[in-house]
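Working notes for the structure below.
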Amino acid sequence: MKMTFYKYQGTGNDFVVIDNRNGFFPKDNHSMIAEICNRKYGIGADGFLLLENNSKVDFTMVYYNADGKLGSMCGNGGRCIVHFANFLNIINENIVFEAIDGLHEASIHNEIISLKMNDVATINVNTNSVFLNTGSPHHIEMVKDLKNYNVAENGSLIRNKTYGKEGSNINFVEKIGTNLFAVRTYERGVEAETLSCGTGVTAVAIALSETNRIDSNNVELHTEGGNLLVHFNKLNGTYYDVYLEGPAKQVFKGEWKW
């Protein structure tokens, strides 16, 4: 058998994307998904996305981590699948789709995708870090000299020692300008640093606001793969109207045989 796939990237966070509206893909074949995402023996990707039919909204997004396991919400993946839905001509300018953490609104303008994330009300501020969930769990920690920081070693240590088997994504952050911060992320499921993490930069922006490190509800986040913008409102301790904005790009099309 063979299937058509599309390779996407959103600020360097890359995905294999499949149109599964006819339900042909064997979703329980986790080993094949891991093989597809393998950079040596497969196509290579940080994650795997299925676009599926939904009777109530525009479509459903199903996301798998690179290890082949069903993942939590992926912000950059969400932006990429909106671009893909636009490519398939199944959406208009304004979109609603369903992901594992519920419904998400989105819009696309000139290759820039704006994705509405879920409200955040629970934020744990610790002495040296902040923990919150933006559809995926995130640990945020301020560091110095981020460019030379050992993200792989320190991220893996915190991910496993502090958060155990379930794990958490680990974000290291450094201020580089007014309301401009650099972010590097170690992602669970990939078990390595990725060039960008959408739910990660969203969590970073909220954590920066919660710890009074920014004076605006618009934050620019510089990742290794490019810049993303997060903006939000806050009322009675809850962050709402949280939007993640940035580019997404279709890189190539191919066939996978099995």
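The values are calculated or read from the model by the stated rules, or taken from the named source; none is laboratory data. Just so you know, these numbers come straight off a predicted model, no measurement behind them. Here Cβ is always computed from backbone atoms with ideal geometry, including for glycine, and neighbour counts include all displayed protein chains.
Summary table
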quantity: Hits in region 32-54 (condition: within 30 Å of residue 96 (Cβ to Cβ), among the charged types (D, E, K, R) and without any contact (Cβ under 8 Å) to a residue 60 or more places away in the chain); calculated: 52
quantity: Out of 47, 42, 23, sole residue that is in contact with a strand residue (DSSP E or B) (Cβ under 9 Å, 6 or more places away or on another chain), among the small types (Gly, Ala, Ser) and within 19 Å of residue 225 (Cα to Cα); calculated: 47
quantity: Every residue from region 132-165 that is without any contact (Cβ under 8 Å) to a residue 12 or more places away in the chain and under 29 Å from residue 119 (Cβ atoms); calculated: 164, 165
quantity: Residue 182 at pLDDT 95 or above, surrounded by fewer than 14 Cβ atoms within 10 Å (Cβ to Cβ) and of a type in the set (Gly, Ala, Ser); calculated: no
quantity: Subset of region 223-239 (residues that are closer than 18 Å to residue 186 by Cβ and touching a helix residue (DSSP H, G or I) at 6+ places or on another chain (Cβ under 7 Å)); calculated: 223, 228
quantity: Answer residue from region 193-225, given it is polar (S, T, N, Q) and farther than 18 Å from residue 114 by Cβ and is nearest to the chain's Cα centre (by Cα) among those; calculated: 194
quantity: Residue match in region 185-198 (condition: touching a His at 6+ places or on another chain (Cβ under 8 Å), over 21 Å from residue 106 (Cβ atoms) and modelled with pLDDT of 95 or more); calculated: no
quantity: Pick from region 125-144, criterion of a type in the set (S, T, N, Q) and in a loop (DSSP other than H, G, I, E, B), ranking: farthest from residue 244 (Cα to Cα); calculated: 127
quantity: Criterion (touching a helix residue (DSSP H, G or I) at 6+ places or on another chain (Cβ under 6 Å), over 26 Å from residue 207 (Cα atoms), not small (Gly, Ala, Ser) and not in a strand (DSSP E or B)) met by exactly one of 91, 81, 108; calculated: 91
quantity: Any hit, region 145-154, residues being more than 30 Å from residue 25 (Cβ to Cβ), among the small types (Gly, Ala, Ser) and not in a loop (DSSP other than H, G, I, E, B); calculated: yes
quantity: Count - residues of region 138-155 that are small (Gly, Ala, Ser) and surrounded by fewer than 18 Cβ atoms within 10 Å (Cβ to Cβ); calculated: 1
quantity: Count - residues of region 86-98 that are under 10 Å from residue 61 (Cβ atoms) and either crowded, with 22+ Cβ neighbours inside 10 Å or modelled with pLDDT under 95 (or both); calculated: 1
quantity: Subset of region 121-164 that is at positive phi and of a type in the set (Gly, Ala, Ser) - its residue that is modelled with the highest pLDDT; calculated: 135
quantity: Filtered residues of region 105-128 (kept if over 15 Å from the mean Cα position of the chain (by Cα) and crowded, with 19+ Cβ neighbours inside 10 Å); calculated: 108, 120, 123
quantity: Flag if residue 77 is crowded, with 24+ Cβ neighbours inside 10 Å and touching a strand residue (DSSP E or B) at 6+ places or on another chain (Cβ under 6 Å); calculated: yes
quantity: Any hit, region 190-210, residues being surrounded by fewer than 22 Cβ atoms within 10 Å (Cβ to Cβ), over 18 Å from residue 228 (Cβ atoms) and touching a Leu at 6+ places or on another chain (Cβ under 9 Å); calculated: yes
